[in-house]
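Presented below is the structure to which this report refers.
Read-outs: derived from the displayed coordinates by stated rules, not from any lab. As the structure is a computational prediction, the values presented were derived from the model and not from experiment. Note that each Cβ is placed from the backbone with ideal geometry, even for glycine, and that neighbours are counted across all protein chains shown.
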Amino acid sequence: MAKAEKYQPLDSEIEFLDSVTNGKYDRQIVTGLKKFVEEKVPEDMLSFYSKEELDDLLKLKDTPQDVESRMPVKMTRHYFDLAKNSIPIQVLVKASPLETFDLDGAADPGKQMDYSPVEGLIHKYELGLIYVASTCSAHCRFCYREELIAKKEVERPDGTIAPKGLAQISEIVTYIRQHNKEVAENGGKHPVSGREVLREILLSGGDPLVLGNKNIAQWLSALAEAGIENIRIGTKELSFYPDRFDDTFMDMLDSFHVSYPGVNLRIMIHFNHPDEFLAKDENGQYSSDPEGGLLWVESTKRAIQRLRSRNWINIDNQAPIINGINNDPDALRIQQRELKRNGVENHYYFCGRDIIGHKAFNVPIEEAWRILNESQKGLSGVETHARLSITHYKGKTEVVAVTNDPLPGIKGAENGLVIMKLLRGAADAPDRGKVTMLGRNPEAIWFSGYNDRVIYDEAGLFTQTYD
Ligand code: SF4
């Protein structure tokens with residue numbers, strides 16, 4: 001692959017970029033099981049894995065079931081401190097042989113490489129997603145970017161096989177400008193794809209906040225200069241290391257806002273479970289905050305308050321529903337209520353994807369719908385904005401409803417129906433809003449579980465069947 005030309009910031013970016021300083025962070029990260037085996041972790045972390053657990057994991061080393069070649073072990077001190085008092089958090093971050101007992105699944109979920117015109121960019125929807133980092137401060141065992149983080153090779157549409165590369169500023173800016181020029185010259189629609197101008201970019205990875213402020217700032221100003229109006233930053237640092245939202249980072253965002261007041265920032269956060277942000281008392285219970293609601297972990301609350309005090313920043317939470325972590329309506333009810341109360345929008349909950357090794361984590365689709373629906377009972381309308389989404393090759397799809405009773409006269413609906421609706425579609429989203437109705441299969445964890453139960457497929461989710 002030819003090396004991309006280095007991006008030269010424009011004069012209009014220099015003042016902003018010169019104002020940015022990098023913060024100093026002490027995440028106290030532990031990387032790799034070897035550190036636990038060789039007892040090279042701080043003393044209080046030694047019991048995080050029992051001897052038997054480590055022995056079981058070591059037996060798998062260098063076999064196809066090696067858990068670390070699927071996803072390297074990584075954890076911050078902050079997350080370890082939360083995990084000490086939380087089984088769901090332990091499940092999220094602690095390697096287990098269950099992860100690789102069944103390695104069924106796709107290396108490139110959603111066939112994203114079909115929509116990658118430039119290395120590190122996925123331009124499938126109206127929004128562009130770019131990979132700017134290939135790691136996070138800690139690693140979720142269920143990660144659906146495992147191919148990027150574990151640096152696996154994926155097949156590209158031209159048949160070549162190579163690891164996914166990261167985006168380079170100069171290439172992305174050139175692509176955006178060219179795309180938007182072609183759209184403008186063609187009366188508002190791209191002549192080939194039918195897409196409109198690229199207005200929104202999601203910085204993703206991995207976690208963009210593992211990069212220094214200066215590096216993030218270069219992305220922000222370059223994208224703003226290229227005409228991007230909304231920049232999203234996808235991050236789990238509020239869970240893994242909330243002190244990342246320090247003065248240097250907030251100063252950088254403020255300075256960006258002064259230079260580019262028309263650009264809206266959307267911080268897409270990822271809380272799976274309220275144990276990631278609520279404080280617990282000595283009995284392991286949440287406590288009431290004298291000022292209202294529940295008491296938060298101090299550093300997380302501080303980070304959220306810093307973000308929400310800036311009215312040009314939106315904060316949205318999205319998270320998958322994962323077996324053993326948050327397949328719990330009570331936990332999700334508390335999470336949705338507390339997030340909304342603290343200025344965070346509940347955006348999506350996701351069904352699992354068919355990534356390699358997904359079976360240990362996936363909750364059946366109909367069960368995920370029941371859990372989310374149950375969790376929203378008793379919440380107010382504004383607290384229940386989250387939808388249950390499953391990512392189809394055609395686009396983000398909502399699991400709208402699951403019925404219990406037979407539908408008289410409808411063949412295949414003897415045990416009830418599952419109704420899905422296409423929320424977004426590739427290119428100019430021709431099938432957005434269309435629905436698919438399926439006969440129920442309570443065991444289904446992926447579209448393939450419904451291949452023989454399609455009743456009505458206006459959305460075209462089964463014109464190409466999933467294996
Ligand atoms: S934060 Fe996201 S990208 Fe990072 S390990 Fe977890 S699921 Fe993967």
Tell me the Kirkwood hydrodynamic radius of the stretch 43-103 in angstroms, computed as one over the mean inverse distance between distinct C-alpha pairs. 12.4
Apply the Karplus parameterisation 6.51 cos²θ - 1.76 cosθ + 1.60, with θ equal to phi minus 60°, to every residue of the stretch 39-48 and state each ³J(HN,Hα) to the nearest whole Hz, in sequence, with x for glycine and proline. 6, 9, 9, x, 3, 6, 8, 4, 8, 4
How far, in nm, would the chain grow between Leu295 and Asp405 when pulled straight, counting 0.36 nm per residue and subtracting the alpha carbon separation? 35.4 nm
May I ask you to order 96-102, 6-12 by the average number of other C-beta atoms within 10 Å around their residues, highest value first? 96-102, 6-12
Sum -39500 (n - 2.57) across every DSSP H segment of at least 4 residues in the chain, then divide by the residue count to get the 222 nm mean residue ellipticity, nearest 500. -7500 deg cm²/dmol
Volume per residue of the C-alpha convex hull in the chain, rounded to whole Å³: 168
Using the Cα centre of the chain as origin and beta-carbon charges of +1 (Lys, Arg) and -1 (Asp, Glu), tell me which of Leu121, Leu60, Ala426 is placed farthest towards the positive end of the dipole. Ala426
If you build the Cα gyration tensor of the stretch 117-217 and take the root of 5 times each eigenvalue, what three semi-axes come out, in whole angstrom, biggest first? 27, 17, 11
Which number gives the lysine pairs in the stretch 1-129 that have C-alpha atoms under 15 Å apart and are eight or more places apart or on different chains? 16
Using 7 Å Cα-to-Cβ label points, what is the Ser380/Lys151 separation (nm, one decimal)? 5.0
For the chain: relative contact order, % (alpha-carbon pairs under 8 angstrom, 6 or more apart): 14
For Ala162 and Asn230, FRET efficiency with R0 = 35 Å and r from the beta-carbon atoms, rounded to 0.05? 0.70
Sequence-distant or interchain residues sharing an amide H contact under 5 Å with Ile355, placed H: which? Ala106
Could you run the Karplus curve 6.51 cos²θ - 1.76 cosθ + 1.60 with θ = phi - 60° over the stretch 132-144 and give me ³J(HN,Hα) per residue in whole Hz, x for Gly and Pro? 10, 8, 10, 8, 10, 5, 9, 10, 6, 5, 8, 2, 9
Along the Cα→Cβ direction, 7 angstrom out, place labels at Asn85 and Val37. What is the inter-label distance in nm? 3.4
Subtracting the Cα-Cα distance from 0.36 nm times the residue separation, let me have the gained length for Asp254 to Arg302 in nm, one decimal. 15.6 nm
What's the Kirkwood radius of the stretch 73-140 in Å, using all Cα pairs? 14.9
Using θ = phi - 60° and Karplus 6.51 cos²θ - 1.76 cosθ + 1.60, couplings along the stretch 203-214 (whole Hz; Gly, Pro as x): 7, 9, x, x, 10, x, 7, 7, 7, x, 4, 5
Pseudo-spin-label distance Asp246 to Glu414, built 7 Å along Cα→Cβ, given in nm, is 6.4
Dividing the mean separation of Cα pairs under 8 Å (6+ apart) by the residue count of the stretch 328-466 yields a relative contact order in percent of 20
Hey, which aspartates and glutamates would be in cross-link range of Lys236, C-alpha to C-alpha under 12 Å, not counting anything within fewer than 8 residues on its own chain? Asp207, Glu276, Asp316
Figure the gain on full extension for Ser19 and Lys61 (residue separation times 0.36 nm, minus the Cα-Cα span) and round it to one decimal in nm. 10.4 nm
Most exposed to least, judged by fewest other Cβ atoms within 10 Å, Ser134, Ser69, Ser288, Ser239 sort to Ser288, Ser69, Ser134, Ser239
